[in-house]
Amino acid sequence: MKGKNILQILRDSRYTVVLSGSGLMAENGYPLLRDGEESYEIEEKYGYSFEEIFNSGFYSARKELFFRFYKEEVLKALETPPGEGFQALKKLQDHDLINAIITRRIAGLEERAGCSNVVNLKGTAYDNSCPVCGKHYPMEYIRDSKGVPLCEKCLVAIRPNVCLFGEMIDNGLMTRAAAEVEKADVLLVLGASLTSPLCSQMLQYYTGTNLILVTGGTERYSDERADIVINGRCDEFLKCLADGCEQAAGAE
């Protein structure tokens, strides 16, 4: 019944924005390199924590180890395609129930599922360029290179255009994301607590009427700032909404 109620809320909404968190990505089979069990394995394997390696200073000083980690842990995970949760997001957009998606994750899962108007606050692994000439390189060029990937023209290390620890998020992206949240009367938070960095950055701009939180976990969680809290998997919740849309469309 709650799914039907939320579907009606989305239908009545003038503008709905999704905050896509790590929980939705984890459900898709992606490792949580910073917060999950993988963080211990990384420190044991590389001798440094994820935050230490995925850092602007580390990239500058130890490029060989940075790119070894980046290829083996970050780019290898991209072999996993967008799953049901992201496919359902696309269907909800096709039914004009979601207007924008904001995320801090760099796997580009939303766009790879076909979603539009996605604000990737920290960039994506699919955007890489030479810091000297500006030539852009696809993710596959970085993945398949031996050692440090070099610009074909300048012979300098190519820079993944992602926000590393120690760097500020691009001001233009922050401004765009804030403008999207300001327009929203419904904010749908997927797989992120309201105290997470993503929500902490964005909630200050939200003045809408329905804040819906889907926890993405089995533990019961509540936050008085949320109007509706769903304790459960995000992908199952989204698929339920998408199926409801298609059933309604089929009945017309």
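Annotation for C240 and Q204: the two label points, set 7 Å from Cα along the Cα-Cβ direction, are 3.4 nm apart.
Using Cα positions and a limit of under 15 Å, work out the aspartates and glutamates in reach of K183, with same-chain residues fewer than 8 apart set aside. Those aspartates and glutamates meeting the cut-off are D12. For the range 70-86, 3J(HN,Hα) computed residue by residue from phi via the Karplus equation (6.51, -1.76, 1.60; θ = phi - 60°) reads 4, 6, 6, 9, 8, 6, 4, 5, 5, 5, 7, x, x, x, 4, x, 6 Hz, glycine and proline entered as x.
How big is D, in µm² s⁻¹, for the range 29-81 by Stokes-Einstein at 10 °C and 1.306 mPa s if Rh is the Kirkwood radius over C-alpha pairs? Rounded to a whole number, D works out at 141 µm²/s.
Here the range 1-141 yields Rg over Rh of 1.04, to two decimals, using C-alpha coordinates and the Kirkwood radius. Estimated from helices alone, the mean residue ellipticity of the chain at 222 nm is -11000 deg cm²/dmol (sum of -39500 (n - 2.57) over DSSP H runs with n ≥ 4, per residue).
For N128, the residues whose modelled amide H falls within less than 5 Å of its own, excluding neighbours fewer than 5 places apart on the same chain, are Y137, N161.
Between N171 and D12, the simple label model (points 7 Å from Cα in the Cβ direction) yields a spacing of 4.0 nm.
Applying 1/(1 + (r/R0)^6) with r as the Cβ-Cβ distance of Q247 and S129 and R0 = 51 angstrom yields a FRET efficiency of 0.70. Panel note: the C-alpha atoms of the range 82-140, placed on their principal axes, show extents of 43, 20, 17 Å (largest first). Dividing the Cα radius of gyration of the chain by 2.2 N^0.38 Å, with N the residue count, gives 1.06.
Extension gain for R62 to N117 (0.36 nm times residue separation, less C-alpha to C-alpha distance): 16.3 nm.
Share of pairwise Cα-Cα distances greater than 24 Å in the range 161-252 is 35 percent (whole percent).
For the chain, DSSP calls about 20 percent of its internal beta bridges antiparallel.
Rounded to the nearest 0.05, what FRET efficiency do E152 and K71 have when you use their Cβ-Cβ distance and R0 = 25 Å?
Values: r = 18 Å, r/R0 = 0.73.
Calculated value: 0.85.
Bear in mind that the values in this text are calculations on the coordinates, not laboratory data. Just so we're clear, the structure is a prediction, and the values are computed from it rather than from any experiment. Neighbour counts run over all protein chains shown; Cβ positions are idealised from the backbone, glycine included.
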